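Colleague: Can you keep this structure in mind? I'll have questions shortly.
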Amino acid sequence: MKAAVVIFPGSNCDHDVLHVLRNVLQVPTTPVWHRERLPSGIDLVVLPGGFSFGDYLRCGAIAHQSEVMADVKQHAERGGLVLGICNGFQILTESRLLPGALTRNVHRRFECRDVWLKREGESAFSRAVPEVLRVPIAHSDGRYQIDAEGLAKLQTEGRIAFRYCDPRGNVVTEANPNGAMVNIAGIYGGPRKNVLGMMPHPERLAESALGGEDGRSIFEAVLRAA
């Protein structure tokens, strides 16, 4: 398996992802500046968290027009794996690789804490991932929204990847940190659910030294699939 991590002006979680892929999982990983082309032979492309282009206009609205995104779209259309984390999720919705939008948290506060997620739809990103896992969040614009028709399609096609829940796996309003529709924390897209966008940061809880390894299971699932 080979991976690439795309870096935009304002990305600030790129080194976290590079560390997990390179040093924790021993995956050959290339950092790619947003004006460069993706290297050949890549299995996984990661769009990391941060504040691309300062989050001007809308989060991800400028980044999705970067030169590298044409290659990311072609990679996804060929069935290649794409993971967008936090700001990366926002970029994927702006580029229409994923439906819906990420909007301001309902209470208009920045949220930075651990949350619990319930694994739902199956894909290459979720095989052998625990049904309930703890992963950190850090966002102001993580409230996932979509129209009724789009939500019904996500549910029918099993494309809701993760939902916010309590520690026992109950999907309840009290566990929702941002007001996202039906507690959505991540969704799938692509011809074979090969695109995953999620607001929580699995790279921030991928080693025991950080207090847990639940996030590592998502990267390990990709490694097995590739």
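The values are calculated or read from the model by the stated rules, or taken from the named source; none is laboratory data. Only a predicted model underlies this, so the values are computations on that prediction, with no experimental measurement involved. Methodologically, a virtual Cβ is constructed for each residue, glycine included, from the backbone with ideal geometry; neighbour enumeration extends over all protein chains shown.
Colleague: Identify, by number, the condition in (1) modelled with pLDDT under 95; (2) of a type in the set (A, V, I, L, M, F, W, C); (3) under 16 Å from G49 (Cβ atoms); (4) within 15 Å of the chain's Cα centre (by Cα) that V222 doesn't meet.
Modeller: (3)
Colleague: Right, another one. Condition first: of a type in the set (V, I, T), farther than 21 Å from C13 by Cα, in a strand (DSSP E or B) and in contact with a helix residue (DSSP H, G or I) (Cβ under 6 Å, 6 or more places away or on another chain). Now tell me which residues in region 131-173 satisfy that.
Modeller: Hit for region 131-173 is I160, nothing else.
Colleague: Report every pair of residues separated by at least 6 positions or lying on different chains whose Cβ atoms are under 8 Å apart, first residue within region 134-159 and closer than 16 Å to R104 by Cβ, second modelled with pLDDT under 95 and among the acidic types (D, E).
Modeller: Close Cβ pairs satisfying both conditions: D141/D55.
Colleague: Looking only at region 83-105, how many residues end up being buried (at least 17 other Cβ atoms within 10 Å of the Cβ), out of contact with any Gly (no Cβ under 7 Å at 6 or more places or on another chain) and more than 17 Å from N178 (Cβ to Cβ)?
Modeller: 2
Colleague: Right, here's the next one. So for region 197-212 (the condition being aliphatic (A, V, I, L, M) and under 23 Å from S95 (Cα atoms)), does at least one residue qualify?
Modeller: Yes, region 197-212 has at least one match.
Colleague: To continue, here is another question. If you check E120 against the conditions, is it touching a Lys or Arg at 6+ places or on another chain (Cβ under 9 Å), among the acidic types (D, E) and surrounded by 18 or more Cβ atoms within 10 Å (Cβ to Cβ)?
Modeller: Against the criterion (touching a Lys or Arg at 6+ places or on another chain (Cβ under 9 Å), among the acidic types (D, E) and surrounded by 18 or more Cβ atoms within 10 Å (Cβ to Cβ)), E120 qualifies.
Colleague: Conditions first: (1) of a type in the set (D, E, K, R); (2) out of contact with any His (no Cβ under 6 Å at 6 or more places or on another chain); (3) modelled with pLDDT of 95 or more. E94 passes all but one, so which condition is the exception?
Modeller: Unmet for E94, out of (1) of a type in the set (D, E, K, R); (2) out of contact with any His (no Cβ under 6 Å at 6 or more places or on another chain); (3) modelled with pLDDT of 95 or more: (2).
Colleague: Can you name the residue in region 167-186 that is of a type outside the set (G, A, S) and touching a strand residue (DSSP E or B) at 6+ places or on another chain (Cβ under 6 Å) and, of all such residues, is farthest from G197 (Cα to Cα)?
Modeller: Out of the qualifying residues, it is P167.
Colleague: Look through D43, D71, D14, D55 and report the one residue that is acidic (D, E) and modelled with pLDDT under 95.
Modeller: Testing whether each residue is acidic (D, E) and modelled with pLDDT under 95 leaves just D55.
Colleague: Taking the residues in region 43-81 that are among the aliphatic types (A, V, I, L, M) and outside any helix (DSSP H, G or I) as candidates, determine which candidate is farthest from the chain's Cα centre (by Cα).
Modeller: Applying the filter and picking the extreme gives L57.
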